[in-house]
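Peer 1: Once you've had a glance at the structure underneath, I'll fire off some questions.
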Amino acid sequence: MADAFRALVLRQQEKKTLSAFEQLTIDDLPAGEVLVRVSHSSLNYKDGLAITGTGKIVRNFPHVPGIDLAGVVEHSDSPDFQPGDAVLVTGQGMGERFWGGHAQYARLPAPILTPLPDGLSAARAMAIGTAGFTAMLCVLAIEKHGVTPADGPVLVTGAAGGVGSVATLLLSKMGYAVSAVTGRVAEQGDFLRRLGASEILPREELARECKPLESERWAAAVDAVGGQTLATILAQSRYEGIVTAVGLAGGMDLPTTVFPFILRGVTLRGVDSVMCPAPLRNQAWARLAQDLDMTQLDALTHTIGFDQLPAQAQAIIAGQTRGRVVVEIN
Ligand code: NDP
């Protein structure tokens, strides 16, 4: 085991968050049952908020960010894990309450670790990460609601982002006609078509004031944007449709009315990946390992070195990254 290792450390100075690479020792890590040697992490929107200090994600400083990690158990005080086990963690307070995956080592409570699914590499597990896992939670909710491809098109917003690109890929492979909403039609339209989107809509088409009810269009939706966009989706949902609300990339308000609910029976289904219970978590990972086209996953993934993480954190908040960003922790 290395005496010292590299970590991205967040500190607060005069209420500003500062990030810098530091050398830590194993003794610096908070207490926990399992010590993991991290090989890969990822960059999610929430990591961007934490690293840049744009959002109130981190509870205590100093802090190591990173809501996702994959690696190998180095030491375990838990009977559930042995040294050498390949594991992954997404969410569950990591990178918020617990120190996270943007370090070469992490010490964590055993219950938040998941064995790496058979056949899935650490790099691909992180290409999926919280964003891809959340996309699968949306797909499972849409399926559970009984929506089939014959019921009509499914809308995906923030489509060129992490949640949106994996949702587009999963839903199109399952036979749904996917309408992908993006603010980058010219730049990312072809990318989204390659993922299987059958229609590309500019962001402004949804992010405008809407009537309480508009023409019925969507059998289901995956919304990473929130705000006016989510209100417009609700107003355009088909009778008994479902809208899975995941994110707030466009705002945290929701200027809607009760009409979509009481006149069309529309379901607004919140999706949370952080506290998602273990049975659903395991089901989602099993389905990802089984259903996700790994070649297409590679195509929507951009791999960066550890050094590039702070700059990429700025880029994700500026809406400039595409698909998923995997971080090689070296
Ligand atoms: P990304 O940054 O990868 O994707 C977000 C996408 O949203 C962007 O790529 C962009 O897509 C679009 N977007 C960005 N800014 C705006 C804006 N101002 N108005 C409208 N659209 C915008 O983030 P993730 O995919 O990692 O996360 C997406 C959202 O989901 C975030 O809000 C995140 O916090 C949330 N989230 C929630 C989870 C949960 O458990 N509920 C889990 C994971 C994520 P385009 O360029 O195509 O328009």
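Peer 1: Considering only strands (runs of 3 or more DSSP E) fully contained in segment 1-74, which possess at least 2 residues that are at pLDDT 95 or above and among the hydroxyl-bearing types (Ser, Thr, Tyr)?
Peer 2: 16-25, 34-43
Peer 1: Do we find a residue being within 17 Å of the chain's Cα centre (by Cα) and either buried (at least 19 other Cβ atoms within 10 Å of the Cβ) or under 16 Å from Gln283 (Cβ atoms) (or both) anywhere in segment 78-87?
Peer 2: No, because not a single residue in segment 78-87 is within 17 Å of the chain's Cα centre (by Cα) and either buried (at least 19 other Cβ atoms within 10 Å of the Cβ) or under 16 Å from Gln283 (Cβ atoms) (or both).
Peer 1: Restricting attention to segment 120-135, which residues are at pLDDT 95 or above and away from the ligand (no atom under 14 Å from the Cβ)?
Peer 2: Ser121, Ala122, Ala123, Arg124, Ala125
Peer 1: Condition (residue is within 16 Å of the ligand (Cβ to nearest atom), without any contact (Cβ under 8 Å) to a residue 40 or more places away in the chain and of a type outside the set (A, V, I, L, M, F, W, C)) applied to segment 237-249: is it met by at least one residue?
Peer 2: No, that holds for no residue.
Peer 1: List the pairs whose first member sits in segment 306-318 and is within 16 Å of Ser41 (Cβ to Cβ), whose second member is modelled with pLDDT of 95 or more and of a type in the set (Asp, Glu), and whose Cβ atoms are under 7 Å apart, counting only residues at least 6 apart or on separate chains?
Peer 2: From residues that are within 16 Å of Ser41 (Cβ to Cβ), the pairs are Phe306/Glu328; Ala313/Asp47.
Peer 1: While we're here: Can Leu280 be described as part of a helix (DSSP H, G or I) and in contact (Cβ under 8 Å) with a residue 12 or more places away in the chain?
Peer 2: Answer is yes for this residue.
Peer 1: Okay, moving on. Among residues belonging to segment 88-111 that are assigned to a strand (DSSP E or B) and not aliphatic (A, V, I, L, M), point out the one that is surrounded by the fewest Cβ atoms within 10 Å (Cβ to Cβ).
Peer 2: So the residue we want is Arg107.
Peer 1: Let me spell it out: the conditions are (1) buried (at least 18 other Cβ atoms within 10 Å of the Cβ); (2) within 15 Å of the ligand (Cβ to nearest atom); (3) over 15 Å from Tyr45 (Cβ atoms), and Leu140 meets all of them except one. Which number is the exception?
Peer 2: Against the list (1) buried (at least 18 other Cβ atoms within 10 Å of the Cβ); (2) within 15 Å of the ligand (Cβ to nearest atom); (3) over 15 Å from Tyr45 (Cβ atoms), Leu140 comes up short only on (1).
Peer 1: Something else: Return the pairs, sorted by first residue and then second, in which the second residue is assigned to a helix (DSSP H, G or I) and not charged (D, E, K, R), the first residue lies in segment 171-193 and is farther than 21 Å from Thr301 by Cβ and more than 10 Å from the ligand (Cβ to nearest atom), the beta carbons are less than 6 Å apart, and the residues are 6+ apart or on different chains.
Peer 2: Within 6 Å, the pairs are Gly175/Pro149; Tyr176/Pro149.
Peer 1: Okay, moving on. How about segment 257-270: which of its residues are among the β-branched types (Val, Ile, Thr), in a loop (DSSP other than H, G, I, E, B) and either modelled with pLDDT under 95 or surrounded by fewer than 19 Cβ atoms within 10 Å (Cβ to Cβ) (or both)?
Peer 2: Residues satisfying the conditions are Thr257, Val258.
The values are calculated or read from the model by the stated rules, or taken from the named source; none is laboratory data. All values reported here derive from a predicted model rather than from experimental measurement. In this analysis, Cβ positions are derived from the backbone assuming ideal geometry, glycine residues included, and neighbour counts consider all displayed protein chains.
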